[in-house]
1. Only one of (1) part of a helix (DSSP H, G or I); (2) within 15 Å of the chain's Cα centre (by Cα); (3) crowded, with 16+ Cβ neighbours inside 10 Å; (4) not polar (S, T, N, Q) is not met by residue 58, so which one is it?
2. Among the helices (runs of 4 or more DSSP H) confined wholly to the range 69-115, which include 2 or more residues that are surrounded by fewer than 16 Cβ atoms within 10 Å (Cβ to Cβ) and either of a type in the set (A, V, I, L, M) or touching a Lys or Arg at 6+ places or on another chain (Cβ under 9 Å) (or both)?
3. Consider residue 41 carefully, then state whether it is assigned to a loop (DSSP other than H, G, I, E, B) and either modelled with pLDDT under 95 or under 24 Å from residue 151 (Cα atoms) (or both).
4. So, of the residues in the range 141-161 that are surrounded by 13 or more Cβ atoms within 10 Å (Cβ to Cβ) and among the polar types (S, T, N, Q), which turns out to be modelled with the highest pLDDT?
5. Of all residues being of a type in the set (Phe, Trp, Tyr) and in a helix (DSSP H, G or I) in the range 116-152, which is farthest from residue 49 (Cα to Cα)? Just the residue, please.
6. Considering only the range 125-143, state which residues are hydrophobic (A, V, I, L, M, F, W, C) and under 19 Å from residue 88 (Cα atoms).
Amino acid sequence: MEEFQILREDAQKKIKVADHMLTMSYKLVEDPKILLSVVSNTYYAVEAAMSSVLSYERIFKRVPVYSNEFDSKFNLFRSKVAPKKMVKKEHLKLIQTLRELYVAHKKSPMEFRRHEKFVIANDSYELRTLDYESVKAHVNSAKVFIKEMYKLTIQDDRIFR
C-alpha cells in the first residue's frame, strides 16, 4: 500500500473511534474528560486525511516536497491543494480549530471539569471550554471533510494495486 492509502485508512479509523467515544462512551459515563480524547482523535483523523491528500498529490508531483511538521503541511494544503480541489473554507477553519484545541491541551498547566464541560486554561488563565454539542459539531464536520478527502484520493486507486 502507498503512504496516502495508509493515511486515508488511518483517518477513517480515527474518526470512527472519535465518533464511538462521543456517541457511546460519553453518553454512558458522562465524564467531560472523554471530550478531550474525542477532540484528540478527531484532530489526528483530519490531520491524517490532509496528509493523505498531500501524499497523493506528491506522487503525481502536483505539490513540492514538504516537511512532516503540521504547519508546513497545513500551509501547503491551504495554498496549493485547497484552491484546486475546492476544499471549503469551513474545513480549513475546522483543522485550525482542532489544532488549537490540541495544542492548548498539550501546553495547558491546568485543566478541570465544570459541570458538563471540560475547561482548558493556558499560562495567562485564558479559558477554552469543551462541551458535548461543540465537540459533536467538530466530529460531524470532520466526517464530511474525511469523506471528501477520501473521494479525492480514491480516484486513481486502481493504479496502485
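The values are calculated or read from the model by the stated rules, or taken from the named source; none is laboratory data. Quick caveat, the model's predicted, so the values are computed rather than measured. Every residue, glycine among them, receives a Cβ derived from its backbone with ideal geometry; neighbour counts consider all protein chains shown.
1. Every listed condition holds for residue 58 apart from (2).
2. Numbers: elements: 70-76, 82-85, 89-107.
Of the helices (runs of 4 or more DSSP H) lying wholly inside the range 69-115, those with at least 2 residues that are surrounded by fewer than 16 Cβ atoms within 10 Å (Cβ to Cβ) and either of a type in the set (A, V, I, L, M) or touching a Lys or Arg at 6+ places or on another chain (Cβ under 9 Å) (or both) span 89-107.
3. On the way: assigned to a loop (DSSP other than H, G, I, E, B): no; either modelled with pLDDT under 95 or under 24 Å from residue 151 (Cα atoms) (or both): yes.
Considered against the rule, which asks whether it is assigned to a loop (DSSP other than H, G, I, E, B) and either modelled with pLDDT under 95 or under 24 Å from residue 151 (Cα atoms) (or both), residue 41 comes out as no.
4. Looking at the filtered set, the residue picked out is 141.
5. Taking the range 116-152 and keeping what is of a type in the set (Phe, Trp, Tyr), we get 118, 125, 132, 145, 150.
Keeping just the survivors that are in a helix (DSSP H, G or I) gives 132, 145, 150.
Numbers: 132: 24, 145: 8, 150: 8 Å.
The residue in question is 132.
6. Once the filter is applied, which keeps residues that are hydrophobic (A, V, I, L, M, F, W, C) and under 19 Å from residue 88 (Cα atoms), the range 125-143 yields 137, 139, 142.
Residues checked against (1) within 16 Å of residue 136 (Cα to Cα); (2) among the aliphatic types (A, V, I, L, M); (3) over 20 Å from the mean Cα position of the chain (by Cα):
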| residue | (1), (2), (3) |
| --- | --- |
| 22 | yes, yes, no |
| 40 | yes, no, no |
| 43 | yes, no, no |
| 53 | no, yes, no |
| 65 | no, yes, yes |
| 78 | no, no, no |
| 83 | no, no, no |
| 86 | no, yes, no |
| 111 | no, no, yes |
